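Asker: Just dropping this structure here.
The values are calculated or read from the model by the stated rules, or taken from the named source; none is laboratory data. For clarity, every value in this text was computed on a predicted model and none was experimentally measured. Note that each Cβ is placed from the backbone with ideal geometry, even for glycine, and that neighbours are counted across all protein chains shown. The accessibility values were calculated without ligands, DNA or RNA, using every heavy atom of the protein model including side chains. Shrake-Rupley method; radii C 1.70, N 1.55, O 1.52, S 1.80 Å.
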Amino acid sequence: MKNLFLLVLITITTLTLKAQNGIIKGQVTDAAGIAQEFTNILLLNPSDSTLIKGVVTNYDGEYIFEKVNEGAYLVRASLIGYDDVYSSLLNSKNEEITVPSLILTEGVSLSEVTISEKKAFIEMKADKIVVNVENSSVNSGNSALEVLQKSPGVTVDKDNKISLRGKEGVLVMINGKNQYMTGDELTRLLENMPSENINSIEIITNPSSKYDAAGNSGIINIKLRKNSSLGLNGSVNGGIRQGVKTSYNGGLDLNYRSSKINVYGSTSYSNWDGFQKLELMRVIPFEGGNTTFDQRTDMDYNGKSVNGKIGIDYMLTDKTTLGGLFKIDNGTKLWGSDNTTNIYGANAPDFNILNVLGEQGGDWNQTSYNFNVVHNFDNKGTSISFDTDFSNYRSDGLNTYQNNYFDTNNNNVFDPFQLRNIQNTDINIFASKLDFTKTFEQGYNVELGAKISMVTTDNDTKFAYLNNGNWENQTNRTNNFVYDENVMAAYGNVSKSFGKLNIQAGLRVEHTQSEGNSITLDESVPREYTDFFPSLSLSHTIGEKHNLSYNYSRRLDRPNYQDLNPFIEYLDDYTFSKGNPFLNPQYSDAFGINYGYKNLFFLSGNYSQTKDAITQILEQYSKDNQTYQTNVNLDKFESASLTASTSIPWKEIATSRINITSFYNGFQSVIPSGTLDNQSIGYNIYIGNEVKLPAGIVMELNGNYRSGLLYGLFEVSPEWGIDLGLSKDVLKGKGTIKIGIDDIFYTRNNTVLIRQDDIKVDLAQRRDTRRVKANFKYKFGNNKVKGERRRMTATSDETSRIISNN
């Protein structure tokens, strides 16, 4: 594995073809013979009209394509206000070709055309579901986490854990890149990411060997917006939302693009307020009697975040592009909580009421650096790309808790006990990857690649209590946990079409070295293992209307380093959580079948079986009335799902989109409290309606319903909600106004029941989900011509890389 990159690089070099050096040039004029500057010139493959290169005419209307390989081509000229014009068929044989003048004739004016077709909010494709966030008025003003909550098959629970089709273990990527964050850190990132920054969300249930093996239930890839207009241009946006609390955000995008260079940058600010109400009832049996803990918690929180990025893409040659990107995200968050627990029963303590007043505050900062290069060897899809990333994430927090002990008459039983926790987290991430793609004359498409990632996390927690006015360390709660993880990977994919049948087979190998080290407890758990992850996909068409595809992939999820931390984290004297340093990775084998009818109806079925499934459980020390949360590996976990999606047009004024997902979860395992044997069937329904109203107003009315479900120990109640949005273009199409209402009937709340052996817990939660919101966006600068910079590869991940640079 140490020579992984060298071996892959040798293989890639061996397969590379020598580039050719033909030239295609010409001139564009109008009907009067006047040269047309800034005309968009595209060099196309005549067999399927795919883009090979793109340039813009100069002051004299001239253009030139250099280093053109042998083959057949078409040249297309396009300019707003004129009809497109094509050249005759061109055959390049490594020579200079002068195209006869392309003459533009006047067509419709800019005010009479729609520059780009608006995509459906939800698109169902053979291998994934795409949620087009950018065009939705319903999702304006929301955070990325809130958009995910409304996405088909996605569930976000009370702790903001994300599951897909009722199954946990989702890998969340941004622009095709793993974020290497814990659940809390990822939640914070998504909570502070405005939906205005998002172009689309891809939900991929059975990824190929090209992707990291992590994410046993699938991958959610969040694609951020990019700007492809030539010249200097940008946009500014601002929004506000009002529920019980008020939140607002704003942002600025700037972009300069020429035929050789693209410089871009953006910044955004978000200020959000919210609340959470939590009711928790626990009944603990002991020696023939029961003790009840009836808990009520009110939390208010405020957060502020500022983020920015600046990047550059430089086209070194027509075939080679260099890129660099710097990003920074930082913010602060403040929580205030009032937690009151009434305690009564056979084993109650010497007081009746425990009141905990808490304040939690902190800030975080993340800086990321990226360098990338892509080289296209020919117009047949032979390319190589290289990415290297470094990121540092740091958070500092100060949490204080005042414990008050009362009797039934609210008289003090004991003196207040004050506790302080200083928590610092430092994460360093390095990742580098190399990808190569080549299409052979026999029709075989080969993908090869290698990747290395190194992650180091340092979590330092210091507890102290107030004693006679002085803070004294609590050594039994203080902890310093360091976790290192290095992963080396290589993959290969081969695909070929046999008439209407397309076959793709791949294999990924990953070698993992990790060590979790509790410095305080002087405990270390090293691990080293190598795994193989095959994937197979077959797709074919039946006639002209039917499409079928079948796929298989093996996936894994490594334990979260916080879950491996063996130390105990206290919430109060009777509730705490602790890590499990002996957690093993979980492995899943996933099978899928997809059917499509004329791009109007899609049906998808999936089945997976997971070994050593990492699952959250609750345990009790009944004698001490203590309940704690931890994670364990379950013996067996089965999951199956069926998804149907269709679009129904209502003449030319409205469209309805329906997405229904049903799923089965089955758990079987021996756990510390006894035996777990739970099965359940659930479903999600999403209905979206878009209606064109007079005066150019577009209305969206969307609703979703999630049935009750059972996941491990947790029985989750049904949930539903309806959202309304309106949008309208103003200022000659440069401005867009969006207004909307989330959760009109205030129905999105969580209720969870736990009934396992001697554990009985009821939980109910409510947040600030009903809100009125408004957003305005204004685009400025040169939007006259759209210049697309496409890289001729056969891999979606390379496309994600291009998007990450804009």
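Asker: What are the trypsin sites (Lys or Arg not before Pro) within the range 584-628 that DSSP puts in a loop, where the Cβ has at most 13 other Cβ atoms within 10 Å? Could you put the intermediate results ahead of the total?
Answerer: Working: sites: Lys598, Lys611, Lys623; in loops: Lys598.
Answer in residue order: Lys598.
Asker: Right, here's the next one. At Ser717 and Lys598, where each label point lies 7 Å from the Cα along Cα→Cβ, what is the point-to-point distance in nanometres?
Answerer: Output for this residue pair reads 4.4 nm.
Asker: Could you list the residues of the range 481-503 with an amide nitrogen less than 20 Å from a label point located 7 Å from the Cα of Gln442 in the Cα-to-C-beta direction?
Answerer: Only 492-503 fall inside the zone, counting backbone N under 20 Å.
Asker: Here is a further query. What FRET efficiency, computed as 1/(1 + (r/R0)^6) with R0 = 41 Å and r the Cβ-Cβ distance, is obtained for Phe414 and Val306, rounded to the nearest 0.05?
Answerer: My answer for the efficiency is 0.40.
Asker: Run the numbers for Leu398 and Ile697: contour at 0.36 nm per residue of separation, minus the present Cα-Cα distance, in nm.
Answerer: 102.8 nm
Asker: Between the range 560-627 and the range 384-412, what is the C-alpha centre distance in whole Å?
Answerer: Centre-to-centre distance over Cα atoms comes out at 22 Å.
Asker: If the viscosity is 1.306 mPa s and the temperature 10 °C, what translational diffusion coefficient in µm²/s does Stokes-Einstein give for the range 315-431 when Rh comes from Kirkwood over Cα pairs?
Answerer: Stokes-Einstein gives a translational diffusion coefficient of 82 µm²/s.
Asker: What is the spin-label model distance, in nm, from Tyr552 to Asp426 if the labels are put 7 Å beyond Cα along the C-beta direction?
Answerer: Those two pseudo-labels are separated by 4.7 nm.
Asker: Which value in nm describes the separation of the simple spin-label points at Tyr86 and Phe591, placed 7 Å from the Cα toward the beta carbon?
Answerer: Rounded to a tenth, the inter-label distance reads 4.5 nm.
Asker: Something else: Run through all the Cα pairs of the range 313-365 and give the fraction in each 5 Å bin from 0, expressed as whole percent.
Answerer: The percentages, shortest bin first, are 4, 12, 11, 8, 8, 7, 7, 7, 6, 5, 4, 5, 4, 4, 3, 2.
Asker: Stretched out fully, how many nm does the piece from Lys728 to Asp531 gain, at 0.36 nm a residue minus the Cα gap? Don't jump to the answer; show the numbers that get you there.
Answerer: Details: separation 197, 0.36 × 197 = 70.92 nm, distance 5.22 nm.
Extra length available between Lys728 and Asp531 comes to 65.7 nm.
Asker: Hey, could you grab the Kirkwood Rh for the range 390-482? Inverse mean 1/r over distinct alpha carbon pairs, Å, one decimal.
Answerer: 18.2
Asker: Now, a different point. Figure the gain on full extension for Lys245 and Ala654 (residue separation times 0.36 nm, minus the Cα-Cα span) and round it to one decimal in nm.
Answerer: 143.9 nm
Asker: Show me the trypsin sites (Lys or Arg not before Pro) within the range 643-748 that DSSP assigns to loop and that have at most 10 other Cβ atoms within 10 Å of their Cβ.
Answerer: Qualifying residues, ordered by number: Lys651, Lys732.
Asker: Moving to a separate point now. Any idea of Ile614's accessible area? Nearest 10 Å², probe 1.4 Å.
Answerer: 30
Asker: A further question follows. Using a 1.4 Å probe on the protein heavy atoms only, what accessible surface does Tyr86 show? Give it in Å² to the nearest 10.
Answerer: Counting only protein heavy atoms, the figure is 120 Å².
Asker: Right, here's the next one. With a Förster radius of 35 Å, plug the Cβ-Cβ distance of Ser524 and Asn467 into 1/(1 + (r/R0)^6) and report the FRET value to the nearest 0.05.
Answerer: That pair, Ser524 with Asn467, gives E of 0.60.
Asker: With a 1.4 Å probe and all protein chains left in place, how much accessible area per residue does the range 322-461 have, in Å²? Can you show the working numbers first?
Answerer: Working: 5940 Å² over 140 residues.
Dividing the accessible area of the range 322-461 by its residue count gives 42 Å².
Asker: Can you give the FRET efficiency for Gln626 and Asn584, using 1/(1 + (r/R0)^6), R0 = 30 Å, r = Cβ-Cβ distance, to the nearest 0.05?
Answerer: With a Förster radius of 30 Å, E is 0.70.
Asker: Of Gln504, Pro526, Ala490, which is farthest towards the positive pole of the range 458-535's charge dipole, taken about the Cα centre with +1 and -1 on the beta-carbons of Lys, Arg and Asp, Glu respectively?
Answerer: It is Gln504, whose Cα lies furthest towards the positive end.
Asker: A follow-up question, please. What share of all Cα pairs of the range 438-493, in percent, falls into each consecutive 5 Å distance bin?
Answerer: Going from the shortest bin to the longest, the percentages are 4, 13, 12, 9, 9, 7, 7, 7, 6, 5, 5, 4, 4, 3, 2, 1, 0.
Asker: If you don't mind, another one. Would you list Glu70, Glu719 from the most to the least accessible area, probe 1.4 Å?
Answerer: Glu70, Glu719
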